[in-house]
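Beneath this line is the structure, given in structure tokens, with notes to follow.
Read-outs throughout are calculated quantities, based only on the coordinates presented, and are distinct from any laboratory measurement. Every value quoted in this text rests on a predicted model; they were computed, and no experiment measured them. Cβ placement follows ideal geometry from the backbone for every residue including glycine, while neighbour counts extend to all protein chains displayed.
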Amino acid sequence: MSPEPEASKSQIAYRSIRERIADGTFGPGYRLVLSSIATELAMSVVPVREAVRALTAEGLVTFERHVGARVAEVDGSHYRSTMQTIGIVESAATALAAPFLTPEDIARARELNDVVRRGLPDLDPRVFRAVNQELHRVLCAPCPNPRLLDIVRAEWLRLGNQRDSVAGIVPGRATAVVAEHDALIDLIAEGAAPELIEAAARRHRSGSLTADLAVRHPEAGPCDLPLPEGA
């Protein structure tokens, strides 16, 4: 078996910038000074510029002439589009992953859901988001379609960049989230049909996203998602 090729400088720059967008170090509107990033990473500006182009293509960075590169700002329409996309692609990935989830995976998902359950109603919003994200990651991880997983992860990152990390949990929604997680995990554990798992995952995301939009971006309207055929 041949060793994995070393990452190129542009890949290293891409990962570094992407990670800092994901963890909020580079927040919406943050100006990316290519020369400073290049100096920090001990490389020339060329691979950093290539990385920024890739991030621009993903919608995480914008570039304006005479202004330069900035982390993408957010408005209600972009937020709504990202949330709709996540609801569709993540539910499909969850349905595909379900047959490959082990008893340990299912136990881990239940454990994470119990963390939220025990913390209600005063769970720190940052903890809620982190635990919720990890639960969904566990349920999607064994999806056999790597391209679909790439899209899911990219949309998760875009959503993380668009959300205010200190925003509170939508009132009343966390309790519903726990119940919906229970129902989804039960379906997976029972070996339910893929379309039923996908529909449950989509209804769950649709409920959360609509509640989130109603509070943070009411101008964007509701986020109802069509259910898969046969659900």
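Once you order the gyration tensor axes a ≥ b ≥ c over the Cα atoms, which shape class does segment 9-71 get: rounded for a/c under 1.5, otherwise prolate or oblate by comparing a/b with b/c? Rounded shape, in that the Cα axes give a/c under 1.5. Shape analysis of segment 36-161 places it in the prolate category; the axes a ≥ b ≥ c from the Cα gyration tensor give an a/c of at least 1.5, with a/b above b/c. Can you bin segment 76-220 into rounded, prolate or oblate? Criterion: square roots of the alpha carbon gyration tensor eigenvalues sorted a ≥ b ≥ c, rounded for a/c under 1.5, prolate for a/b above b/c, oblate for the rest. Since a/c reaches 1.5 but b/c is at least a/b, the shape of segment 76-220 is classed as oblate.
With both labels modelled 7 Å from their Cα along Cα-to-Cβ, the A193 to R70 distance reads 5.0 nm. For segment 45-135, trypsin sites (Lys or Arg not before Pro) meeting the loop criterion (DSSP other than H, G, I, E, B) and having at most 12 other Cβ atoms within 10 Å: R65. Sorting S16, S206, S8, S91 from the fewest to the most surrounding beta carbons within 10 angstrom yields S8, S16, S206, S91.
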